[in-house]
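The values are calculated or read from the model by the stated rules, or taken from the named source; none is laboratory data. Model, not experiment: these values are computed from the prediction. Ideal geometry is used to build each Cβ from the backbone, glycine not excepted, and the neighbour counts take in all protein chains shown. These accessible areas exclude ligands, DNA and RNA; they are computed on the full protein's heavy atoms, side chains included. Shrake-Rupley method; radii C 1.70, N 1.55, O 1.52, S 1.80 Å.
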Amino acid sequence: MSRRPLPPPPPPPHLSTWPDRQALLAGRAMALDELRKRHLGLGRLLLLWLFGAGVLIGWALITLVVGEFEDKDPLVFVLGPIFAVLGLGALVPSVIGIVLAIRRDRKIRELTNAWLALDSDPASEARLRSPGLSLTWLLSSLVLCVLGLWASFGTAASAGPGRYVYATVAWGMGSGLIMWVTGLVGIVKAAGHYRWALRTVSAPAANGGAHR
């Protein structure tokens, strides 16, 4: 996750230091543009996929342990704990990263609403809709969901007798579920931004601020 701090909330009206409204609007536009990039930028989409890949790697290492137990390999008592620790080491931080990213998105939305309430400027607010980025999030996340469902159902349908059958099914269905959940996070984010933009950004007159 990015270590750069988010733009601060706008100062209260009685503490404002802008010399005039044009300076206020310029500062407001800069803050809103930065918040937009931190919320829907392609870097955030790649970060979500990176966390999803971390969960996949962790799950793969854990299912290796299941396969060794299934095969009654004596090395499982040596390699099993190592794979399990490595798997949890990849899986747990990635899950935490996704949770923190969701919480950060909520903070970004709160800051954006606070800056929007400061005044009204349709020109700068129009950029917040970001239809291209929203569509990119939506379509790529839909593809990931479809791949996840295909992996889950395909693994279950093709499962048959043989070595590592339980580990293979666990890996395939678990991987499909991880991809589906990761894609669902992206879809919810894109749809939530679209609803928020329609409700908030499309009606700039309703954002009438204290500075006129």
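A few remarks follow.
- Only a single criterion out of (1) assigned to a loop (DSSP other than H, G, I, E, B); (2) modelled with pLDDT of 85 or more is not satisfied by GLY27, namely (1).
- Among (1) open to solvent by 50 Å² or more (accessible area, probe 1.4 Å); (2) at pLDDT below 90; (3) within 21 Å of LEU177 (Cα to Cα) - the single one LEU79 does not satisfy: (3)
- Residue check, GLY87 touching a residue at least 40 places away in the same chain (Cβ under 8 Å), in a helix (DSSP H, G or I) and not hydrophobic (A, V, I, L, M, F, W, C): no
- Criterion: modelled with pLDDT under 80, over 17 Å from the mean Cα position of the chain (by Cα) and of a type in the set (Gly, Ala, Ser) - qualifying residue of ALA117, ALA151, ALA167, ALA126: ALA167
- Set ILE108, ILE96: member being among the aliphatic types (A, V, I, L, M), assigned to a helix (DSSP H, G or I) and open to solvent by 80 Å² or more (accessible area, probe 1.4 Å): ILE96
- Flag if ALA156 is part of a helix (DSSP H, G or I), surrounded by fewer than 19 Cβ atoms within 10 Å (Cβ to Cβ), over 13 Å from the mean Cα position of the chain (by Cα) and modelled with pLDDT under 90: yes
- Test: LEU147 is touching a Gly at 6+ places or on another chain (Cβ under 9 Å) and open to solvent by less than 60 Å² (accessible area, probe 1.4 Å): no
- Qualifying residue in the stretch 174-183 (condition: in a helix (DSSP H, G or I), under 21 Å from GLY132 (Cα atoms) and either in contact with a His (Cβ under 7 Å, 6 or more places away or on another chain) or modelled with pLDDT of 85 or more (or both)): yes
- Check on ALA126, surrounded by fewer than 19 Cβ atoms within 10 Å (Cβ to Cβ) and in contact with a Gly (Cβ under 7 Å, 6 or more places away or on another chain): no
- Criterion: assigned to a helix (DSSP H, G or I), at pLDDT below 90 and open to solvent by 70 Å² or more (accessible area, probe 1.4 Å) - qualifying residue of LEU64, LEU46: LEU64
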